[in-house]
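Enquirer: Handing you this structure, nothing more for now.
Taken together, the values in this text are just the output of simple stated rules run on the coordinates, not laboratory data. Bear in mind that the values here come from a model prediction, so they are computed numbers and not experimental data. So basically every Cβ, Gly included, is an ideal-geometry build from the backbone, and we count neighbours across all protein chains shown.
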Amino acid sequence: MSDTEIKINILMTAIQEKQDRISELQQSIKNDQAQLGELVLEHTIAERACRHEQNMERGQQWKESDPEGYNAFLEEIRQRNQAHLEEGARLGWWDISDTGEMLAPPIVVDSSKLPDNALMAHVMAEVGIFPSVTQARKNGWDKPLTTGVFTVTKKKIRIKVI
């Protein structure tokens with residue numbers, strides 16, 4: 001082996017050792033970042049729990065020191081929430097079911113704008129649940145067109161056919 005080959009082997013070994021060391025340091029950095037993320041998360045959770053506890057104590061103190069004011073405040077909040085729910089329903093932001101559940105407003109489909117021989121498949125394609133009438137028919141929507149409000153898919157999409 002010549003002197004040049006020996007020097008090349010020494011340099012290649014040194015480069016490999018440095019690359020190994022870089023890989024070790026990169027892994028160490030990843031581990032440290034993961035630990036830091038966990039610590040930040042723990043600190044944030046602890047901080048929020050502490051603030052929640054302080055707010056609960058303040059609420060309890062207020063409840064004990066001024067029960068009438070505290071109850072009046074809660075009643076005002078309840079009335080505001082009820083008013084916002086009712087106004088949202090009036091404006092069409094959502095509907096409220098018989099059980100008081102908030103429902104998304106229905107997508108309205110005018111049956112007069114559909115073909116004369118339209119099926120429910122035409123409605124499903126119109127609102128975009130299926131890409132085509134054929135796909136909707138193949139998925140069981142080959143029934144006659146009926147008016148009313150329907151809730152479909154897991155997303156509970158509401159459709160109103162008029």
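Enquirer: Can you compute the modelled spin-label distance between Lys7 and Glu47, with each label point 7 Å from Cα toward Cβ, in nm?
Expert: 5.8 nm
Enquirer: Restricting to the chain, what percent of DSSP beta bridges are antiparallel, rounded to 5?
Expert: About 75 percent, rounded to the nearest 5.
Enquirer: Another question about this same structure. Just from the alpha-carbon atoms, what are the Rg and Dmax of the chain in angstroms?
Expert: 32.9, 98
Enquirer: With charges set only on the Cβ (+1 for Lys and Arg, -1 for Asp and Glu), what does the dipole of the chain come to about its Cα centre, in debye to the nearest 20?
Expert: The calculated dipole for the chain is roughly 940 debye.
Enquirer: Among Leu39, Leu145, Leu103, which one moves the most in a GNM of the chain with springs linking Cα atoms closer than 10 Å?
Expert: Its mean-square fluctuation being the largest, the pick is Leu39.
Enquirer: For Lys113, go through the aspartates and glutamates and keep the ones whose alpha-carbon is under 15 Å away, minus same-chain ones fewer than eight residues off.
Expert: Glu126
Enquirer: With an 8 Å Cα cut-off and a minimum separation of 6 or more residues, compute the relative contact order for the chain in percent.
Expert: 14 percent
Enquirer: Now for a separate question. When each pair of different Cα atoms in segment 111-162 is counted once in the 1/r mean, what is the Kirkwood radius in angstroms, to one decimal?
Expert: After inverting the pairwise mean of 1/r, the radius is 10.9 Å.
Enquirer: For Ala72 and Gln54, calculate 0.36 nm times their separation in residues minus their Cα-Cα distance, and state this gained length in nm to one decimal.
Expert: Here the answer is 4.3 nm.
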